[in-house]
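Single-structure report; data block below.
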Amino acid sequence: MNEVLKLSALLALVLLLSLTGTGGLFAQSTGDVEITSARAAALGGFHAGLADDVDTLFANPAGFRSAGPQMLVAELTAGLSGPIFDIASVMIEGTGSDPADLLASGSVQELLANLYAAAHLLGPLSFAYVGNGLGFGFFSRTMLGFTTVGTVPTIYVNFREEFDFCGGYALRIPLPESWNSSLDLGVLIRATMSGTSSSERDTLSFFEGLSDPAALLLGGPFRMGVGIGADVGLRYAYKDVFALGVVGRDLYAPRLYFDYTSIDGFFGSEVGTRSTGLEPIDLSAGLMWAPPLGSLARYISQLKLMLDYSDILDFLTHPATSTNPILHVGLGAELVLLDVLSLRGGFAQGLFSAGLGLDLSLFTLNLSMFGAELSPEPGLRPVFNFVLGLQFIL
């Protein structure tokens with residue numbers, strides 16, 4: 001009963017914050033790869049000027065007036081980060097082997113040098129709607145990550161479960177009809193609740209712990225966090241050809257944490273250590289251009305080109321973790337053939353991305369591969385990522 005009451009109280013707190021309009025959703029700044037959308041991953045990230053589907057919830061709330069109407073009723077998006085094929089090869093090699101012998105293997109030693117690997121799952125609890133100026137959604141996320149540090153590697157294991165709530169509205173500011181233009185202002189309120197279990201082990205005890213995955217993932221310190229915040233955006237569009245978007249994400253985004261020695265302590269009678277934090281403001285701007293296609297329109301349903309610069313003020317809002325300006329640039333291109341097949345490409349964090357989408361009426365299948373940079377400078381610690389997403393859209 002004590003566990004049920006504790007979880008119910010935390011859930012009620014997050015729901016209350018999301019309804020009162022005092023905060024917003026944010027991603028944790030842990031140095032992890034964040035995967036939210038397979039389409040956005042292929043397009044070089046979210047674009048402040050693009051407003052045509054439920055991704056607008058994460059890109060720019062001003063887009064709620066132009067996007068949709070579209071309703072996402074379910075989603076299952078899975079992502080893998082890191083040297084996926086090398087890990088699979090080592091697992092096959094080590095089947096039935098003694099952990100000490102496996103650790104002595106040259107391929108394992110090479111793999112463990114500066115390793116980052118993660119598995120992500122968005123859904124299956126996902127619901128969102130955008131259109132007619134309104135946007136809201138609920139999402140669940142799961143992340144499992146492994147990172148090594150040191151010449152004699154210590155393996156850090158992180159397991160996180162997160163629930164995100166968001167809702168907002170965009171209004172159209174009247175402009176002279178002769179301008180053939182629109183100007184929209186949007187506000188989005190976000191709230192999140194997350195539970196993170198983290199632990200560190202030497203390589204031998206890590207491999208030995210693979211025989212008991214529950215203890216490996218949940219045996220370390222546990223952190224429960226709740227957060228709120230708000231996004232505000234503007235979007236100017238000329239006909240359906242050109243758009244300029246500016247968005248301030250996490251204008252005020254406080255966090256509240258409770259740390260426990262273990263997940264058993266959280267569900268037991270342990271009193272967690274309380275701490276607070278504040279997510280830095282992310283000011284981003286972007287352009288979207290959809291050139292007229294003329295006679296090609298009978299084959300090409302849509303062509304969109306995007307250019308963005310994200311987190312413009314990072315050198316002021318969080319100078320200790322600011323990054324090279326090249327890592328702020330995002331480029332994206334999407335070509336839609338016969339309203340069914342989408343071909344996508346992009347560039348973000350100094351690395352290229354690509355993907356495709358199939359719109360099969362009742363559901364959409366998206367596939368993408370992209371690079372992410374875990375260091376503050378381009379090319380120092382790139383990570384390969386693969387994302388497969390299935391969305392049921394009305």
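The values are calculated or read from the model by the stated rules, or taken from the named source; none is laboratory data. This is a predicted model, so every value here is computed, not measured. FYI the Cβ positions are ideal-geometry reconstructions off the backbone, even for glycines, and counts take in every protein chain you see. Ligands, DNA and RNA are excluded from the accessible area calculation, which covers all protein heavy atoms including side chains. Shrake-Rupley method; radii C 1.70, N 1.55, O 1.52, S 1.80 Å.
Data overview
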{"quantity": "Local electrostatic count at ALA290 - Lys and Arg +1, Asp and Glu -1, tallied over other residues with Cβ under 10 Å", "calculated": "-1"}
{"quantity": "Summed residue charge, Cβ within 14 Å of GLY123's Cβ, Lys/Arg positive, Asp/Glu negative", "calculated": "-3"}
{"quantity": "Segment 327-392-segment 196-265 distance, computed between alpha-carbon centres (Å)", "calculated": "21"}
{"quantity": "In Hz, Karplus ³J(HN,Hα) per residue of segment 173-186 (6.51, -1.76, 1.60; θ = phi - 60°; x = Gly, Pro)", "calculated": "8, x, 10, x, 4, 5, 6, 6, 10, 9, 9, 10, 10, x"}
{"quantity": "Heavy-atom surface of segment 282-338, accessible at 1.4 Å and reported per residue (Å²)", "calculated": "55"}
{"quantity": "Amide H within-cut-off set for ALA253, under 5 Å, with H built and near neighbours excluded", "calculated": "GLU279"}
{"quantity": "Placed amide H near ASP52: partners under 5 Å, 5+ positions off or other chain", "calculated": "none"}
{"quantity": "Point-charge dipole on Cβ atoms (K/R +1, D/E -1) for segment 288-369, about Cα centre, debye to 20", "calculated": "240"}
{"quantity": "9 Å beta-carbon shell around ILE228, net charge (K/R +1, D/E -1)", "calculated": "+2"}
